[in-house]
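Okay, structure first, notes after.
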Amino acid sequence: MRHSTAHVMAAAVLEMFPETKFGTGPAIENGFYYDFDLPRTLIPEDLPLLEEKMRAIIKVGYKFEEAKISTAAAKTDFKKLGQTYKLELIDDLEKENEQICIYKAGPFVDLCAGPHVASTKDINPEAFKLTKISGAYWRADEKNKQMQRVYGVVFESKKELKEYLHMMEEAEKRDHKKLGRELDLFSFHSEAPGSAFWHPKGMIIWNELENFGKSIRKKYGGLEIQTPQLAKNILWKKSGHWDHYKDSMFYFDVEKETYCLKPMDCPFNIKIYQTRQRSYRELPLRYTEIGRVLRNEKSGELNGLFRVRAITQDDAHIFVAERQIEEEIVSLLKMVKEYYKVFEIEPAFFLSTRPDDFLGEINTWDEAETDLKNALAKEEIKYEVKERDGAFYGPKIDIDIKDALGRKWQLATIQLDFQLPQRFELEYIDSDGSRKAPVIIHAAIFGSLERFIGIITEHYAGAFPVWLSPIQALIIPISEEKFGKYAKEVLEKLKVAGIRSEIDAINESLGKRIRNGEKQKIPYMLVVGEKEMDAKSVAVRYRDKGDEGMIKLEDFVERIKKEIADKK
Ligand SMILES: [Zn+2]
Ligand SMILES: [Zn+2]
């Protein structure tokens, strides 16, 4: 239905501009797009007109008719139509196919493998919407002509469309780039594409998360290390990154040698492992690192904190004996659950198994996959299997989360690796004196701190829980002149208790100052006046719950301290 609606849109565009040249128009999540080469630039006002034409086409009920024709006939047909882009596609298809599939619905014929709905009438005219116009290079190559891409969404029912549009509106309000600016958390600058600049308030959130992650890692036996950012490419040749990952790496010459900025921490962690002989008694050896890596993401794909070039990973490389895999995975799964519980986000687990292009012994793979399954079962975790979706060097468990808007994000990965230990000839002395290769488990939980902060900023719509809030309590004296001194006393008490707090004594009305605090999404506002001063109290307003009345200052301090300790 999604792809069929793309055809209907193409037909509407053809009606509006008979000289349109068509690119491609696939189905995507919730909808579709189509790329057009048009005589003029589309404007947002065109979209309702196109939708009207689409509704008319749907109403007619054109059948989607499939036909298999020879490539020669297809060439003649599309040449006649002046469809130069389609001719290019036919040229490619010709190499492997003698026949080509086309679909016709009313006046519009497309080179297309289908499938389609039976008739344009099968599309609900009330349940689609054209959402966006953007530029797109033909075949995603910036050397080619830029075409105009029109996006749309389509659902079975009007209700689903309404819900989706509502969610998009909500998502726009929660956009982390917008909130990052409004709450003064971070910024991006054109001189450093893909690298976030962290402001003092953003840094508070960062540090809280980093410290939280570190404390959990420590609890599960993690040993923190730190490794450099720059290394000669000889290391990356050995790890295989130079051959397989070079396009995503930054590298340059220094003193006639090529150096790379690290895109991953693994080889560096291995260098530390290799500094001396290792015994089975040391395993599992759990190195953790806040790894600052740089990846050469295309500038067109950068997207706020979601897609950056300067990435900070909460990384871990665990060296285990093969027989320890299951137990270690159990421990990692426990740890993952502990991480996400705090954010009240529900993780979903996926097991990716041996791909067709796997390296290593089939037995090792089978045993490792069994270990992963057993570990998931022991932790009573429901999971989906992604058959043959593992990396060539080992099976893995991916963990997705769903945010407050129900959007899915892939965060943590627990990845087994049989290949790096071999490439670096890693070994340990086993209990019987024999030399064996350890297995490496790569395990990032937040994934990247940048991306994670972007996700939770949108998840909480900027109203972070108390423990993460840059300012936890804002003290508002009703009159600075009369109660300024008491406000300072309150501030002092809160600071001693480790509560991040400020006084808002700006000469504005009480209502205005409360609204400002609410805009800054500060969890607690403490209003102080005569009554509060006399009773050594504060009048508490909790973010969106409003007035809670007067509470003894000491009691408030205990309450907020407990909330912070409980990560509320
Ligand atoms: Zn099609
Ligand atoms: Zn790694």
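Before moving on, here are some points about what is shown:
- Cα convex hull of the range 320-367, projected area averaged across orientations, nm²: 4.4
- For Lys531, a cut-off of 18 angstrom between C-alpha atoms picks up these lysines, skipping any fewer than 8 places away in its own chain: Lys482, Lys485, Lys488, Lys552.
- Computed over the range 37-136: relative contact order in percent, which uses C-alpha pairs under 8 Å that are six or more apart: 39
- Taking all Cα pairs closer than 8 Å and separated by 6 or more residues, the relative contact order of the range 299-381 comes to 39 percent.
- In terms of its C-alpha gyration tensor, the range 1-152 comes out oblate, because a/c is 1.5 or above while a/b does not outweigh b/c.
- Fully extended contour minus Cα-Cα distance, from Glu508 to Gln229, at 0.36 nm per residue: 95.5 nm
- Over the range 58-101, all Cα pairs binned in 10 Å intervals from 0 give whole-percent P(r) values of 27, 45, 22, 6, listed from short to long.
- Normalised by residue number, the volume inside the convex hull of the Cα atoms of the chain is 218 Å³ per residue.
- Inter-part distance where the range 485-505 and the range 372-435 are each reduced to a Cα centre, Å: 47
- Normalised by 2.2 N^0.38 Å, where N is the number of residues, the C-alpha radius of gyration of the range 128-257 stands at 1.60.
- Taking the C-alpha atoms of the range 231-308, convex hull volume expressed per residue in Å³: 129
- Expressed as a whole percent, the accessible area of the chain that falls on carbon and sulfur atoms is 49 (1.4 Å probe).
- Computed per residue of the chain from DSSP H runs no shorter than four, each worth -39500 (n - 2.57), the mean residue ellipticity at 222 nm is -11500 deg cm²/dmol.
- Set of aspartates and glutamates near Lys271 by C-alpha distance (under 15 Å), chain-local residues within fewer than 8 positions excluded: Glu224, Glu289, Glu425, Glu427
- Where the chain is the region considered: accessible area per residue in Å², 1.4 Å probe: 50
- For Asp243 and Glu387, a Förster radius of 25 Å and the Cβ-Cβ distance give a FRET efficiency of 0.40, rounded to the nearest 0.05.
- Percent breakdown of C-alpha pair distances by 10 Å bin, ordered from the shortest bin, for the range 431-507: 15, 25, 20, 15, 10, 8, 5, 2
- Taking every Cα-Cα distance in the range 316-435 and sorting them into 10 Å bins from zero, the calculated P(r) comes out as 12, 42, 32, 12, 2, 0 percent.
- Put the Cα centre of the range 203-227 next to the Cα centre of the range 317-361 and the gap is 19 Å.
- In the complete set of protein chains, residue-level accessible area for Arg149 is approximately 40 Å², probe 1.4 angstrom.
- Summed residue charge, Cβ within 15 Å of Lys246's Cβ, Lys/Arg positive, Asp/Glu negative: +2
- When only Cα pairs below 8 angstrom with a gap of at least 6 residues are kept, the chain shows a relative contact order of 10 percent.
- As a calculated quantity, the FRET efficiency between Lys552 and Lys104 at R0 = 56 Å, using C-beta atoms, amounts to about 0.10.
- Out of every Cα-Cα pair that the range 453-495 contains, those further apart than 14 angstrom amount to 59 percent.
- Proportion of all alpha-carbon pairs of the range 393-537 beyond 17 Å (%): 73
- Shown here for the range 279-381: GluC sites (Glu not before Pro) in loop regions (DSSP other than H, G, I, E, B) with at most 13 other Cβ atoms within 10 Å, namely Glu344, Glu361, Glu380.
- Compactness of the range 115-160 - radius of gyration and Dmax, Cα, Å: 14.7, 42
- Accessible heavy-atom area order of His166, His317, highest first, probe of 1.4 Å: His166, His317
The values are calculated or read from the model by the stated rules, or taken from the named source; none is laboratory data. Values in this document were obtained by computation on a predicted structure and should not be read as measured data. Counting neighbours? That spans all protein chains shown, and the Cβs are built from the backbone with ideal geometry, glycine included. Keep in mind that these areas ignore ligands, DNA and RNA; they rest on the heavy atoms of the full protein, side chains included. Shrake-Rupley method; radii C 1.70, N 1.55, O 1.52, S 1.80 Å.
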